[in-house]
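A short write-up of the structure that comes next.
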Amino acid sequence: MATHHAAPGEIVNLATWAQDVPNEKTKVIAKTDEMELVRLVLSAGKEFAGHKVSGPCVIHCITGEVECPAMGATQALTSGQLLYLMPGEPHSVRAVVDSVVLLTIVFKV
């Protein structure tokens, strides 16, 4: 069964967005040729490693605390904080505690 993706104009509650996914709670919210929104769920100690995209991206910590190695430093993000990265910047997202992160990726077209 395919999972639901948000339609334009649809309100998305990030706390409950992935309830239709039985085990893994990381899920693409919306994707177009120009951008992608991803709700990333990481248990404490888990890492979304070695990632880079062709366009700019934003890592937004919704809940919890994550560490983001990028641009020659590791920065900690807590609930409500975000980090903007330039196109092609290698980065990772590592959960210090159980965390929910919104990734906004803009593709170079």
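Every number in this text was worked out from the coordinates using simple rules, so none of it is lab data. Computed from a prediction, not measured in an experiment: that's the story for all the values here. For neighbour counting, all protein chains shown are included, and Cβ atoms are generated from backbone atoms with ideal geometry for every residue, glycine included.
Using a Gaussian network for the chain with springs between C-alpha atoms less than 10 Å apart, which of these wobbles most: VAL66, VAL53, VAL93? Comparing VAL66, VAL53, VAL93 in the GNM, the peak value goes to VAL53. How much net charge surrounds SER79 when only the other residues with a Cβ under 13 Å from the Cβ of SER79 are counted, with Lys and Arg +1 and Asp and Glu -1? Here the charged neighbours net out to -2. Exposure here means at most 12 other Cβ atoms within 10 Å; with GluC sites (Glu not before Pro) in a DSSP loop as sites, the longest stretch of the chain lacking them is 35-109. Principal axis extents of the C-alpha atoms in the stretch 43-109 (largest first, rounded to whole Å): 35, 20, 16. Mean-square fluctuations from a GNM of the chain, with a 10 angstrom spring cutoff on Cα atoms, peak among HIS51, HIS91, HIS60 at HIS51.
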